[in-house]
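Peer 1: Just passing along the structure, written as structure tokens.
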Amino acid sequence: LNAVETAGNNLKEAGHKIDRVKIPDWISKTEEETLDTILAFGMAHHHGKDYDMNKPLMSERICDYIERGRQLTEQDYQAAMDQRQAMIREMTEIIDKKVALMPPAIGIAPLLEEGTGPRSPQRLWTLLGFPAMTVPFGTSQSMPIGVQVVSSLFQDYNVLSVVRKLFN
């Protein structure tokens, strides 16, 4: 969080208005399940035949998505898509044409063989289709840290503009 605060202070010193906002609880509590439903249904729909013919060649994770997706109904999928649209509307209202600075990771980076760490800091932006970019922004305990810059739909330029200002 220190990198986010420092980045925010740098932008404030450069004359930008900084506000603190909170992601609504209902979004925080439902985003993971919503995205999982959309992904699992889509994987089952688009890769079900591949699964039937080549399951041994697929990763356990992909097989799990397809198997869960086959348990979902069209109504489950549509409900998740409706939930996604409600999230897009609310987060667009909150962020508007501004940007949000967020931590791109949680905790200490895992060892290389353990993967890239939790996806939760990026999951919401993936679900909503909002432009997001993670950039390096200093070090902590001799480890690189970064800042995630996010904006609302079609506001890619705002993300790039803020990233440029953070590097100047």
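Peer 1: Could you order peptides 45-51, 144-150 by the average number of other Cβ atoms within 10 Å of their residues, highest first?
Peer 2: 144-150, 45-51
Peer 1: Something else now. Rounded to the nearest 500, what is the chain's calculated 222 nm mean residue ellipticity when only DSSP H runs of at least 4 contribute -39500 (n - 2.57) each, over all residues?
Peer 2: -19000 deg cm²/dmol
Peer 1: About the Cα centre, and with charges only on the beta carbon of Lys, Arg (+1) and Asp, Glu (-1), how big is the dipole of the range 1-113? Nearest 20 debye, please.
Peer 2: 380 debye
Peer 1: For helix 2-13, report the angle its Cα long axis makes with the longest principal axis of the Cα atoms of the chain; keep it between 0 and 90° and round to the nearest 10°.
Peer 2: 50 degrees
Peer 1: How much length is gained on full extension from Thr126 to Lys22, taking 0.36 nm per residue of separation minus their Cα-Cα distance?
Peer 2: Value of the extension gain: 35.6 nm.
Peer 1: Under a 5 Å amide H to amide H cut-off, with H placed in plane at 1.01 Å, what residues pair with Ile145 once short-range neighbours are removed?
Peer 2: When sequence neighbours closer than 5 places are left aside, the close amide H contacts are Phe137, Gly138, Thr139, Ser140.
Peer 1: Another one. For Glu67 and His46, FRET efficiency with R0 = 22 Å and r from the beta-carbon atoms, rounded to 0.05?
Peer 2: Efficiency, from the Cβ-Cβ distance: 0.95.
Peer 1: Quick one: Karplus J couplings for the range 124-138, per residue in order, coefficients 6.51, -1.76, 1.60, θ = phi - 60°, nearest Hz, x for Gly and Pro?
Peer 2: 4, 5, 5, 4, 7, x, 7, x, 8, 9, 9, 10, x, 8, x
Peer 1: Quick one: which residues, 5+ away or cross-chain, put their amide H under 5 Å from the amide H of Ala100? H built at 1.01 Å from N.
Peer 2: Val150, Ser151
Laboratory data are not the source of any read-out in this text; all were calculated from the coordinates shown. No experiment lies behind these values; they were computed from the predicted model shown. We place every Cβ from the backbone using ideal geometry, glycine too, and count neighbours over all the protein chains shown.
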